[in-house]
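The values are calculated or read from the model by the stated rules, or taken from the named source; none is laboratory data. It should be emphasised that the depicted structure is a prediction, and the values quoted were computed from it without experimental measurement. With ideal geometry, Cβ positions are generated from the backbone for all residues, glycine too; neighbour counts draw on all protein chains shown. Accessible surface areas use protein heavy atoms only, side chains included; no ligands, DNA or RNA. Shrake-Rupley method; radii C 1.70, N 1.55, O 1.52, S 1.80 Å.
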Amino acid sequence: MTKPNWQSYIAIGTATLVIGVGLSACNQAPETVEGKENASTEESTGGWFSSPDPVTYTLSAGEPLTVRTTSTLSSKTNQPGEQFVASLEQPLEVNGVVIAPKGAKVLGTVASSDPGGRVKGVAQISLALTEIAVDGKAYAISSGTYVQTAQKTVKKDAKKIGIGAGIGAAIGAVAGGGDGALKGAGLGGGAGTGVVLATHGDAAVVPAESVITFTLAEMLTVESD
């Protein structure tokens, strides 16, 4: 009886394995250029994990914008073009969505500052908003102006003229009796009037923490992630 040849069995098994691997490789479809391009496109766009486009909200012109000032502004100390800082007093909403929360930083400018004429007119200062910050982004805004006018000083002016007239009358009485008192009063009153005309009235002041409502002159568009 012939003994089995184990070496022959091993050789046949190895040959069978090699042939099977080769056939499997042939059956696999080669990677096409189109496949590579599709994969590259998916990677560049992020595939299913790409971030959605930001949503924009628009506040129409004419809408109110209420702020609270952080410092005192005065026609005596502030010049046109100077910047001031405020905070949003009421949130801005579009269709129930808050696009700018209360407390958002708002910047403004002194649009005009008039200390008032010596002969006519009273002091006046006007303010306008220029920028609002939302989620770390700054948006330019255009608003109408808020005007603050100083109180008229009619009573103060009359008091100055009256004091001048009284002093003049007293001096005239000492110098020339009754007639002197009348002349002195006239001269003193004229001097008091001169003092009023030579000095400015009270300044127009917007105190710190003032709540002011402006009106948007142009629409405001804000992005929200």
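Here are the numbers for the structure shown:
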read-out: Criterion violated by Glu93 - all others in (1) in a strand (DSSP E or B); (2) open to solvent by 70 Å² or more (accessible area, probe 1.4 Å); (3) touching a residue at least 24 places away in the same chain (Cβ under 8 Å) satisfied; value: (3)
read-out: Flag for Lys137 being in contact with a Pro (Cβ under 6 Å, 6 or more places away or on another chain) and basic (Lys, Arg); value: no
read-out: Qualifying residue in the range 132-142 (condition: at pLDDT below 95 and small (Gly, Ala, Ser)); value: yes
read-out: Criterion violated by Ser71 - all others in (1) touching a residue at least 12 places away in the same chain (Cβ under 8 Å); (2) in a strand (DSSP E or B) satisfied; value: (2)
read-out: Answer from Ser87, Ser126, Ser143 - the residue that is touching a residue at least 24 places away in the same chain (Cβ under 8 Å) and open to solvent by less than 70 Å² (accessible area, probe 1.4 Å); value: Ser143
